[in-house]
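Reading through the structure tokens given below for one structure.
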Amino acid sequence: MTAGIVRYLTHPQVQIDPDVPVPQWGLSPVGRARTETLVQAPWLANTTQIISSGERKAVETAGIIAGPLGIMIEIRAAMHENDRSATGFLKPAEFEQVADRFFAEPHLSVRGWERAVDAQARIVREVEAVLARDRHGDVLFVGHGAVGTLLLCHYAGHPINRVHDQPAGGGHCFALARQDRSILHAWCRMEEIAS
């Protein structure tokens, strides 16, 4: 297995519009500005692959990073956020309650949402399919908070639990060693990534 670092980055702040399906939301001006600060980040120097969810906010984040690096984005549709289409947009307080249950009861479909165990299996499958190609360089996955947390739980050997969720606001990253999948660091703000 080729050496290198695997990073999972969540998109930062989005433009919330209750009249637009959530997967079609784009970055807000704050989210875009935060991502643009990464362009010269030293930790990106060895990145040779950028793999993105197909949701607009993730693709926009990946595109801002990929352009200056001269890397084409690979979109993997199955890297999408947990499927919440059964409820559609929920106001923040209600969303947080349902999200708490999603993590607390991973084997149940909470209000029709995709089960956490299924979302976890899906995101792990996508990441492992990319890493199985064994290409040189670091890999950057760009995606979402809930499935990112499920991925972190998997590689860290933690049971599914929201205590491992990224802090509010998005734009956080965790990293693992490619060779043995050991966690190098848990969630940190993308502006504070050191390795």
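The values are calculated or read from the model by the stated rules, or taken from the named source; none is laboratory data. Keep in mind it's a predicted model, so treat the numbers as computed, not measured. When we count neighbours, we look across all protein chains shown, and the Cβ atoms used for this are built from the backbone with ideal geometry, even at glycine.
Computed quantities for the displayed model
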item	result
Residue ranges of strands (runs of 3 or more DSSP E) in segment 1-78 with at least 1 members in contact with a Gly (Cβ under 8 Å, 6 or more places away or on another chain) and free of Cβ contacts under 8 Å to residues at least 40 places away in the same chain	73-75
Residue count, segment 43-95 (criterion: of a type outside the set (K, R) and touching a strand residue (DSSP E or B) at 6+ places or on another chain (Cβ under 9 Å))	31
Conditions (1) surrounded by 22 or more Cβ atoms within 10 Å (Cβ to Cβ); (2) at negative phi; number of the one not met by G171	(2)
R111 vs. criteria surrounded by fewer than 17 Cβ atoms within 10 Å (Cβ to Cβ) and charged (D, E, K, R)	yes
Lone unmet requirement of (1) touching a strand residue (DSSP E or B) at 6+ places or on another chain (Cβ under 8 Å); (2) of a type in the set (G, A, S); (3) farther than 21 Å from S28 by Cα for S109	(1)
Flag for E192 being under 17 Å from P12 (Cα atoms) and either acidic (D, E) or more than 13 Å from the chain's Cα centre (by Cα) (or both)	yes
Residues located in segment 79-94, provided they are part of a helix (DSSP H, G or I) and of a type outside the set (A, V, I, L, M, F, W, C)	P92, E94
Leading residue by the ranking (modelled with the lowest pLDDT) among those in segment 132-148 that are out of contact with any strand residue (DSSP E or B) (no Cβ under 7 Å at 6 or more places or on another chain) and more than 25 Å from A168 (Cβ to Cβ)	D134
Selected residue (criterion: farthest from R181 (Cα to Cα)) from residues of segment 125-136 that are crowded, with 16+ Cβ neighbours inside 10 Å and of a type in the set (A, V, I, L, M)	V130
Test result for I73, β-branched (V, I, T) and over 18 Å from G145 (Cβ atoms)	yes
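Each row is one residue, and each column tells you yes or no for (1) surrounded by 12 or more Cβ atoms within 10 Å (Cβ to Cβ); (2) within 17 Å of the chain's Cα centre (by Cα); (3) aromatic (F, W, Y); (4) at pLDDT below 95.
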position: L9; (1), (2), (3), (4): yes, yes, no, no
position: D17; (1), (2), (3), (4): yes, no, no, yes
position: G31; (1), (2), (3), (4): yes, yes, no, no
position: A45; (1), (2), (3), (4): no, no, no, yes
position: I51; (1), (2), (3), (4): yes, yes, no, no
position: G54; (1), (2), (3), (4): yes, yes, no, no
